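The values are calculated or read from the model by the stated rules, or taken from the named source; none is laboratory data. Treat the numbers as computed from the prediction; the structure is a model and nothing was measured. Cβ sites come from the backbone with ideal geometry, for glycine too, and all protein chains shown count toward neighbours.
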Amino acid sequence: MSQHYPVLLVTVPLLSAFLISISGWLNKRLCFPIAVAALASASFFSAGLLSKVIHKNVVLYRLGGWAPPWGIAYRVDYLNGLVLVVVSLVALINLISTYRSVEREFSEKLGAFYTLYVLFVTGLLGITVTGDAFNLYVLLEIASLTGYGLIAMGEEDRAPLASLNYVYMGTIGACFYLLGIGYLYIVTGSLNMADISAILPSLYQSRAVLSAFIICMVGVWLKMAFFPLHAWLPNAYTFAPSAASSLIAPLMTKVMVYVMLRLMLTVFTPDFVFSAIDINRSIVWLAVIAISMGAILALTARNLKKMLTYIIVAEVGYMVGGAWLGNRAGMTGAILHLVNDALMTLCVFLVVGNIVYRMKGHSFEDLRGLFRKMPFTMGAFAIGALSIIGVPPTCGFFSKWYLLWGGIQAGHYAFVAALLFSSLVNVVLFFRIFEIGYYESPTEAHGGGHSQGSIEEAPLSMLVPLYLVAVGLVVVGLYTGAIVNNVIRLAVPPGIV
Amino acid sequence: MKAAGLLIVILTGGLLIYATADFPPWAYPQSPASTHVSPRYIEKSIEETAVPNVVTAVLADYRGYDTMFETTVIFAAGVACFLLLRIRVEEGPEEQLFRHSLTGMTIRIKDGRKAPSDLEEFERIDAHWVPQDLIIKTVCRILIPFIQLFALYVIAFGHHSPGGGFQGGVILGASVIVLAMSHDLRSSLQRMGEKVNALLCAAGVLIYAGTGALCLAMGENFLDYGILAPLFRCDPVMARSNGIFMVEIGVGIAVMATMIRIYNNVSSAGRYDEGL
C-alpha cells in the first residue's frame with residue numbers, strides 16, 4: 001500500500017473532484033464531506049511520504065508501470081516532500097475554515113465550486129510530486145485554469161476583469177515554461193527531470209540550453225509574480241472570493257517558487273546555475289528591486305487585502321533572492337521561507353475572510369474598532385503580522401534570519417538592506433492596521449444601530465482553524481531547528497556550500 | 001509603452017532565434033530527439049501494447065497519465081464555464097415569443113402572464129427569430145446520425161489510424177451543437193438536458209481515472225493496464241490495447257459533454273433558454 005502513496009496523493013483528490021461534481025447534481029450536502037475526506041487523505045499520504053523520505057530514501061513511482069524516461073515517473077525527495085505536506089495541510093485547513101462563507105456565497109453552485117477547489121489542489125500536488133518536466137506543465141494547466149475560474153467568481157464587476165488579466169499573463173508564463181521544455185527536448189531528447197539533468201552537463205556551453213533556462217525561469221517568474229512581472233497578482237487576489245483567495249494566495253506563488261528551485265537544483269543543477277553561467281548576482285539585484293517595490297506599493301494600498309497582496313510580491317522577492325544568492329544559508333532560507341510564508345499568508349488571509357464574513361468589506365474603513373468587535377480574529381491577525389514582520393519566536397523570524405545570513409555570507413549587502421527595509425515597512429503597515437483597529441471607533445454610518453462595544457466574532461468553525469494556523473506559526477518557529485536539520489539541510493544539494 | 005512592448009518582443013524573439021544556432025540540423029537522424037526516447041516507441045510499441053498507431057500508444061499508454069490530466073483540463077474548463085456563466089432564472093425571461101404555426105402570427109407574452117397551453121399550434125420561438133429554413137433543418141436532421149456514426153468510428157479506430165477520444169468526442173459534441181443551431185437550444189436540451197450532460201462530463205473523466213484506479217486496486221501501478229488481462233480474458237499485451245480503448249471511450253464522453261456544456265452556457269449567456 002505505502003508504495004502507492006505518491007500516486008494516491010494525486011489521484012484520490014482527482015477522483016473525489018469528479019465525485020463532488022456528480023454529487024453537486026444529486027445531493028449537494030455530500031460535496032463538502034467528500035472534499036474534506038479527499039484533502040485529509042492527501043495530507044495523510046503526504047505526511048506518510050515525508051516520513052518515508054526521512055527514514056528511508058527518495059521515493060520513486062512509475063506510472064503505468066513504464067520505466068523512465070519512457071514513461072512518467074514520480075519522485076519524492078526532501079524538497080518536495082516538505083512542500084507536499086505544506087500544500088495539502090494549507091488546503092485542508094482553508095477548506096474547513098471557509099465552509100460557512102462558501103455556503104453563503106455559492107449556495108447554488110456548491111458542487112462546481114468544490115470541484116474546482118479540489119482540482120486546484122490536485123494540480124498543485126501534482127506539480128510538486130512529479131519528476132517529469134512535461135507532466136509538470138499539464139498539472140500547471142489544471143492549477144491555473146481552476147484558479148482563474150475561482151478568482152473570477154469574486155466581486156461582481158472587477159473580479160472577472162482581474163481574472164482575465166491573470167489568464168493572459170498566466171498563459172504567457174505557462175507557454176514560456178513549455179517552450180523552454182521544448183528546447184530542452186530538442187537538445188536532450190528527454191522529458192524526465194533526472195534524465196535531462198544527467199544528459200545536460202555535456203551541453204552546458206550550448207546556447208539552446210542557456211535560452212531554455214532563461215525562458216523557463218521567466219515563465220516561472222511570471223507565474224509567481226516576481227516584480228516587474230507581478231502586475232496581475234494584486235487585483236486578482238484582492239477581488240477573488242475570500243475562500244478562493246485564502247487558498248490561492250498562500251499556495252500558487254509558493255508552489256511556483258518550488259518549481260523554480262526544482263529547475264535550479266535538479267534539472268539544471270547548481271553547477272550550471274551558479275558556475276557555468278554568471279548571472280546570479282544580477283538576479284539577486286532583481287530580487288532587491290522586487291522586495292523594495294513590493295514594500296513601497298504596500299504602503300500605498302488603502303485596503304487590507306490589497307496591502308497583503310503587495311506583501312506577497314515582496315515575499316516572492318525574498319525567496320527568489322535567497323535562492324539565487326548561491327550559498328547554503330540563502331537556499332535554506334528560501335526553502336524555509338517557502339514553508340513559513342505559506343502559513344503566514346494563510347493566517348492573514350483567513351483573518352481577511354473572517355472580517356469579510358462579518359463586515360462585508362476589507363477596506364481600512366471597515367477595520368475601525370475591530371479589536372473590540374472581533375477580538376479573537378484580530379488576535380490571530382496580530383500573530384500573523386508579527387510573523388510577517390519577523391519577530392521571534394514566530395517562524396517568520398527564523399527564515400528571515402537565514403536569508404540575512406546568506407546575504408552577508410555572499411557579500412550582497414543590498415539584499416540585506418532590502419530585507420531590513422521591507423521588515424521596517426511591514427512594521428509600519430501592520431501597526432497602522434493595529435492603530436485603526438484599536439483606537440479608531442466605527443463611524444456612525446457604519447456602526448449603525450449596533451451597540452458599539454458588542455462582540456460580533458466570526459463563527460467557531462472559522463476561528464478554530466484560524467487559531468490552529470496562528471499557533472502553528474509559533475510552533476513551526478520553535479521547531480525550526482528540527483525542520484532545517486532533518487529536512488531542508490538534506491534538500492539542499494551538497495554542491496552548495 | 002508601445003516602444004517598450006516592441007523592445008521586449010524583439011529581445012524575446014532574438015533570444016529564441018539565438019538558441020536555434022545550437023539546434024541539431026533539420027531532419028537530422030542522429031538528433032537527440034530521434035535517438036534517445038523515441039526509438040523504443042517506434043520499435044516496441046506494437047509488441048508492448050498491441051496498438052498499431054504509435055501516437056495512440058504513446059498518448060494513452062506510455063504517457064497515459066498526462067492524457068488523463070489533459071482530459072481533466074477539459075472537464076475543468078466545462079465546470080469553470082458553468083460556474084461563471086450559469087444564471088438560474090426563476091420565471092424564465094421577461095418576455096417570450098410564440099408563433100402560431102397556421103397563420104404565422106407572432107404573439108408576445110410579458111413576464112408572469114400565462115403562456116399558450118396549446119403547443120400543437122403555438123410554437124415557442126427565440127427573440128432573434130429567423131424564419132425556419134426547411135432545407136437547413138432537413139439536411140441537419142439527415143446528417144446528424146451520420147456525424148454521430150462517424151464520431152464513434154473515429155473513437156474506435158484511434159488504435160489504427162489518426163483519431164481517438166478527443167477527435168471523436170469533438171465530432172460527437174458537434175452533432176448535438178448542429179442540432180441546437182439548426183433548430184433551437186430547447187430542442188437540443190430536450191434530447192440532452194443540463195443535468196445529464198453535467199453527469200456525462202464527470203462520468204467520462206471518471207471512466208479514465210477509474211480505469212487507472214482499477215489497475216491500482218488489482219495490485220499494479222496506476223494505469224498499468226496489463227493487470228486487467230483477466231477482466232478482458234486476454235494476454236497482458238492485448239489487455240493494454242483494451243485498456244487504451246476503455247480510456248478513449250472515457251475521453252470521448254468527457255469531451256463530447258464538455259463541448260455541449262460550453263456551447264450551451266456561452267450561446268445562451270448562462271440562461272439555457274434561448275440559444276444562438
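With a cut-off of at least 3 residues that are at pLDDT 90 or above, name the helices (runs of 4 or more DSSP H) lying wholly within segment A:335-414.
Working: elements: A:370-373, A:375-389, A:395-410.
Per the criteria, A:375-389, A:395-410.
Quick one: would you say residue A:83 is touching a Phe, Trp or Tyr at 6+ places or on another chain (Cβ under 8 Å) and either part of a helix (DSSP H, G or I) or more than 11 Å from chain B (Cβ to nearest Cβ) (or both)?
On the way: touching a Phe, Trp or Tyr at 6+ places or on another chain (Cβ under 8 Å): yes; either part of a helix (DSSP H, G or I) or more than 11 Å from chain B (Cβ to nearest Cβ) (or both): yes.
In short, yes.
If we only count helices (runs of 4 or more DSSP H) wholly inside segment B:19-100, which ones have 3 or more residues that are surrounded by 15 or more Cβ atoms within 10 Å (Cβ to Cβ) and more than 7 Å from chain A (Cβ to nearest Cβ)?
Values: elements: B:32-35, B:38-49, B:54-57, B:64-85.
Helices (runs of 4 or more DSSP H) meeting the threshold: B:38-49, B:54-57, B:64-85.
Please go through segment A:13-59 and pick out each residue that is under 30 Å from residue B:48 (Cβ atoms) and within 11 Å of chain B (Cβ to nearest Cβ).
Matches in segment A:13-59: A:14, A:15, A:18.
Within segment A:60-80, restricting attention to residues that are of a type in the set (Ser, Thr, Tyr) and crowded, with 21+ Cβ neighbours inside 10 Å, which residue is farthest from the other protein chains (Cβ to nearest Cβ)?
So in segment A:60-80, the residues of a type in the set (Ser, Thr, Tyr) come out as A:61, A:74, A:78.
The next check asks that each one be crowded, with 21+ Cβ neighbours inside 10 Å; those that pass are A:61, A:74.
Working: A:61: 7, A:74: 9 Å.
Looking at the filtered set, the residue picked out is A:74.
Is it the case, given these coordinates, that residue A:286 is over 14 Å from residue A:400 (Cα atoms) and crowded, with 24+ Cβ neighbours inside 10 Å?
Numbers: over 14 Å from residue A:400 (Cα atoms): yes; crowded, with 24+ Cβ neighbours inside 10 Å: no.
The answer is no for residue A:286.
For segment A:13-30, give me the residue count where each residue is of a type outside the set (Phe, Trp, Tyr), over 25 Å from the mean Cα position of the chain (by Cα) and either over 20 Å from residue A:125 (Cβ atoms) or buried (at least 24 other Cβ atoms within 10 Å of the Cβ) (or both).
Residues flagged as of a type outside the set (Phe, Trp, Tyr), over 25 Å from the mean Cα position of the chain (by Cα) and either over 20 Å from residue A:125 (Cβ atoms) or buried (at least 24 other Cβ atoms within 10 Å of the Cβ) (or both) within segment A:13-30 amount to 9.
What number of residues within segment B:153-204 are in contact with a helix residue (DSSP H, G or I) (Cβ under 7 Å, 6 or more places away or on another chain), among the aliphatic types (A, V, I, L, M) and more than 25 Å from residue B:276 (Cα to Cα)?
Total satisfying the criteria: 4.
What are the residues in segment B:201-229 that are at the interface with chain A (Cβ under 10 Å from one of its Cβ atoms), over 15 Å from residue A:8 (Cβ atoms) and either touching a Lys or Arg at 6+ places or on another chain (Cβ under 9 Å) or not in a helix (DSSP H, G or I) (or both), if any?
Matches in segment B:201-229: B:201, B:225, B:226.
Taking segment A:343-379, which residues are closer than 26 Å to residue A:92 by Cβ, among the small types (Gly, Ala, Ser) and surrounded by fewer than 24 Cβ atoms within 10 Å (Cβ to Cβ)?
Answer for segment A:343-379, where residues must be closer than 26 Å to residue A:92 by Cβ, among the small types (Gly, Ala, Ser) and surrounded by fewer than 24 Cβ atoms within 10 Å (Cβ to Cβ): just A:379.
Considering only residues that are part of a loop (DSSP other than H, G, I, E, B), charged (D, E, K, R) and under 27 Å from the mean Cα position of the chain (by Cα), which ones fall in segment A:44-71?
The initial filter retains those residues of segment A:44-71 that are part of a loop (DSSP other than H, G, I, E, B), namely A:56-58, A:66-71.
Filter again for charged (D, E, K, R), leaving A:56.
None; the set is empty.
Does residue A:159 satisfy the criteria of being among the small types (Gly, Ala, Ser), within 7 Å of another protein chain (Cβ to nearest Cβ) and touching a helix residue (DSSP H, G or I) at 6+ places or on another chain (Cβ under 7 Å)?
No.
Find all pairs meeting these conditions: Cβ atoms under 7 angstrom apart; at least six residues apart or on different chains; first residue within segment B:18-45 and under 13 Å from residue A:184 (Cβ atoms); second residue among the basic types (Lys, Arg).
Between residues of segment B:18-45 that are under 13 Å from residue A:184 (Cβ atoms) and residues that are among the basic types (Lys, Arg), the close pairs are B:19/A:207; B:22/A:207.
Out of the residues in segment A:225-244 meeting the condition of being touching a Leu at 6+ places or on another chain (Cβ under 9 Å) and in a helix (DSSP H, G or I), tell me which one is surrounded by the fewest Cβ atoms within 10 Å (Cβ to Cβ).
A:235
Here is a list of conditions, (1) more than 11 Å from chain B (Cβ to nearest Cβ); (2) aliphatic (A, V, I, L, M); (3) within 30 Å of residue B:19 (Cβ to Cβ); (4) more than 22 Å from the chain's Cα centre (by Cα), and residue A:186 meets all of them except one; can you say which number that is?
Every listed condition holds for residue A:186 apart from (1).
Output the number of residues of segment A:1-17 satisfying the condition of being in contact (Cβ under 8 Å) with a residue 60 or more places away in the chain and out of contact with any Phe, Trp or Tyr (no Cβ under 6 Å at 6 or more places or on another chain).
Matching residues across segment A:1-17 total 5.
Identify, please: which residue in segment A:202-216 is touching a residue at least 60 places away in the same chain (Cβ under 8 Å) and surrounded by fewer than 18 Cβ atoms within 10 Å (Cβ to Cβ) and is, among those, nearest to the other protein chains (Cβ to nearest Cβ)?
Checked segment A:202-216; the qualifying residue nearest to the other protein chains (Cβ to nearest Cβ) is A:205.
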